[in-house]
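Report on the following structure.
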Amino acid sequence: MEATTAQANELERSVDLSIAIADIEKEMDQRLKRMGKNIKMPGFRPGKVPLHIVKQQYGDQARHEILSEQLDRVFGETVTAQKLRVAGYPRIEPKTTESTTHIEFAATFEIYPEFVPGDLSTAEVERPVLEVGEAEITKTLDILRKQRVSYADADRAAAKEDRVVIDFLGKKDGVPFAGGEAKDYPFVLGQGQMLPDFENAVEGAKAGESKTFDLAFPADYHAKDLAGQTVQFDITVKQVQAPVLPELDAEFATSMGIVDGDVAKMKAEIEANLKREVKKRIEAKLKDQVMEALLKANPIAVPGALIEMEIQRLMQAARQDMEQRGMKTKDFPIQPEWFADQAKRRVTLGLVLAEVVKTEKLQATPEQVRAMVEETAQSYEHPEEVIRWYYAQPQRLQEVEGVAIENNVVEWVLGKAKVTDKAAVFDELMGQNQ
């Protein structure tokens, strides 16, 4: 068996493989003899079938298996000897030669890129800074109270955040249109359930009042026959209810899971949870910036085989997600090109992270993993049970270990890059618009 190597482009390699026909024939004879000892065939005693009959019956199968094994072996020996890290699977094709002693093949494949992690001294990272204080705790409590809002009848004009119940009838050119009529329809003003002009017309009206107004549908309205059209609505306000927020008392604390209704204990728990969440979100923002800095500093070529494998993985994940939502994927064919950019980014980042971790020795320690498990467990009612669950099966720790490694990379990059602290806005950090 012989092999030679050629380079087609930056990551693609081509290897010529040569396998001696005599080696195949020798192995075939030995294999067919072994097979003959166990073959049962009418007219012959077990193990006594003549070799030429065994060869006639099973020769092609044996030859194919032996050739495949020889190709695997010589290919593996070649890439190992030349220290080539193969990405994906090789494409092996027979060559047209006139040799009577050897069978020639060409194997084409890609290798992993070899690179030294790029310089990060000019990378700029903004580190969000936010101390959780009384104002943040109060704002969080207000959000929790709004999530448990109730409504009471109000003898006044409807205002934002009020719940109203109305009858409405929409007409286009004086004729009612489909979907434009409802009786006893409830909605909360200011939550965007209705078009802004519709809500503006309802706001300021009292229970029992009726009015007619024009409304222009947006040009991109989902109902094509109404998009960009002006219609008339007749409405009657039947009920106006003002929001009533629960008091910060023992009953509210109990609803938040504080068994004895201790308000101070509830606030302390909310503060602890809020600090954990703020810390997690700041870390996520930092991590996003670090990953972008690593990608920018390492513009490497990546194997197409790995990108294709990642595209297939993302497509499968998308199908599973759609099916879990009750959608039929056969009615919505998923296209590979939708995931191409995301797949390339993920593969590139994975290669860069792996090289940085190896070069800088940033593997996670058992102590780091344990600390992260314990921190995660603190948000559960019985932390010790969560810790035991993680350590019951080692594979459950793999995801935690992956996060710990990423954290090590983040710390390493922050030590190299230009880092400036920037005060974070609580609402923006938490993704709230209130």
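Roughly to the nearest percent, how much of the accessible area of the stretch 146-231 is carbon and sulfur, given a 1.4 Å probe?
Here it works out to 47 percent.
Viscosity 1.567 mPa s, temperature 4 °C: give me the Stokes-Einstein translational D for the chain in µm²/s, with Rh taken as the Kirkwood radius over C-alpha pairs.
Result for D is 43 µm²/s.
Ignoring ligands, DNA and RNA, what accessible area per residue does the stretch 254-298 give at 1.4 Å, in Å²?
It amounts to 56 Å² per residue over the stretch 254-298.
With a cut-off of 8 Å between alpha carbons and a minimum separation of six or more residues, what is the relative contact order of the stretch 35-77 in percent?
Values: 20 pairs, mean separation 10.8, N = 43.
That works out to 25 percent.
Cα atoms only, the stretch 320-434: Rg and Dmax in Å?
Cα only, the stretch 320-434: 19.4, 50 Å (Rg, Dmax).
With the alpha-carbon atoms as the only input, what is the per residue convex hull volume for the stretch 36-89 in Å³?
99
Can you figure out the FRET efficiency of K330 with K48, using R₀ = 51 Å and their beta-carbon distance, to the nearest 0.05? Present the calculation step by step, with values, prior to reporting the outcome.
On the way: r = 55 Å, r/R0 = 1.08.
Calculated transfer efficiency: 0.40.
Given contacts defined as C-alpha pairs under 8 Å and at least six residues apart, what's the relative contact order of the chain, whole-number percent?
In percent, rounded to a whole number, it is 17.
Tell me the relative contact order for the stretch 146-212 as a rounded percent, counting alpha carbon contacts under 8 Å between residues six or more apart.
Relative contact order comes out at 37 percent.
Working out 0.36 nm times the residue gap between R34 and A284, then minus their Cα-Cα distance, what length gain in nm do you get to one decimal? The partial results should precede the final answer.
Numbers: separation 250, 0.36 × 250 = 90.00 nm, distance 6.14 nm.
Using 0.36 nm per residue and subtracting the Cα-Cα distance, I get 83.9 nm.
List the lysines whose Cα lies under 18 Å from the Cα of K33, skipping any in the same chain that are fewer than 8 positions away.
Partners found: K48, K55.
Is any residue of the stretch 384-402 close enough, with backbone N under 14 Å, to a label point placed 7 angstrom from the Cα of R370 along the Cα-Cβ axis, and if so, which?
So the set is 387-388, 391.
So, counting K/R as plus one and D/E as minus one, what does the shell of residues with Cβ under 11 Å around S255 add up to?
Values: positive: R145, R148; negative: D249, E251.
Value of the local net charge: 0.
Would you list which lysines come within 16 Å of K183, measuring only between C-alpha atoms, while excluding same-chain residues fewer than 8 positions from it?
Within the straight-line limit of under 16 Å, K183 reaches these lysines: K171, K211, K238.
Based on the inverse mean of 1/r over its pairs of different Cα atoms, what is the Kirkwood hydrodynamic radius of the stretch 59-184, in Å?
Kirkwood hydrodynamic radius for the stretch 59-184: 25.2 Å.
Could you calculate, for the stretch 174-294, the ratio of the Cα radius of gyration to the Kirkwood radius, expressed as Rg to Rh?
The Rg/Rh ratio comes out at 1.20.
Taking a 21 Å limit on the Cα-Cα distance, which of the listed pairs K296/K418; K146/K285; K287/K358; K296/K416; K146/K287 fall beyond it?
Violating the 21 Å Cα-Cα cut-off are K146/K285; K146/K287.
Which listed residue (P50, V237, L414) has the Cα farthest towards the positive end of the charge dipole for the chain, taking +1 on Lys and Arg C-beta and -1 on Asp and Glu C-beta about the Cα centre?
Farthest towards the positive end: P50.
So how strong a dipole does the stretch 231-343 carry about its Cα centre when Lys and Arg Cβ are +1 and Asp and Glu Cβ are -1, to the nearest 20 debye?
Dipole size: approximately 280 debye.
With each run of n ≥ 4 DSSP H residues scored as -39500 (n - 2.57), what mean residue ellipticity at 222 nm is computed for the chain after dividing by its residue count and rounding to the nearest 500 deg cm²/dmol?
Helix contribution divided over all residues of the chain: -15000 deg cm²/dmol.
Dividing the convex hull volume of the Cα atoms of the stretch 1-123 by its residue count, what figure in Å³ per residue is obtained?
140
Check the straight Cα-Cα distances from K361 and name the aspartates and glutamates below 18 Å, setting aside those fewer than 8 residues away within the same chain.
E114, D119, E401, E406, E411
Sort 394-405, 89-100 for me by packing, meaning the mean count of neighbouring Cβ atoms within 10 Å per residue, highest on top.
394-405, 89-100
Can you report the principal axis dimensions of the stretch 292-365 using only the alpha carbons, biggest first, rounded to whole angstrom?
For the stretch 292-365, the Cα spread along each principal axis is 48, 30, 21 Å.
For the stretch 134-200, with every protein chain kept in place, what is the accessible area per residue (1.4 Å probe, Å²)?
Each residue of the stretch 134-200 exposes 58 Å² on average to a 1.4 Å probe.
The values are calculated or read from the model by the stated rules, or taken from the named source; none is laboratory data. None of these values were measured; they are calculated from a predicted model. All Cβ positions, glycine included, derive from the backbone under ideal geometry; neighbour counts span all protein chains shown. We work out accessible area using only protein heavy atoms, side chains counted, and drop any ligands, DNA or RNA first. Shrake-Rupley method; radii C 1.70, N 1.55, O 1.52, S 1.80 Å.
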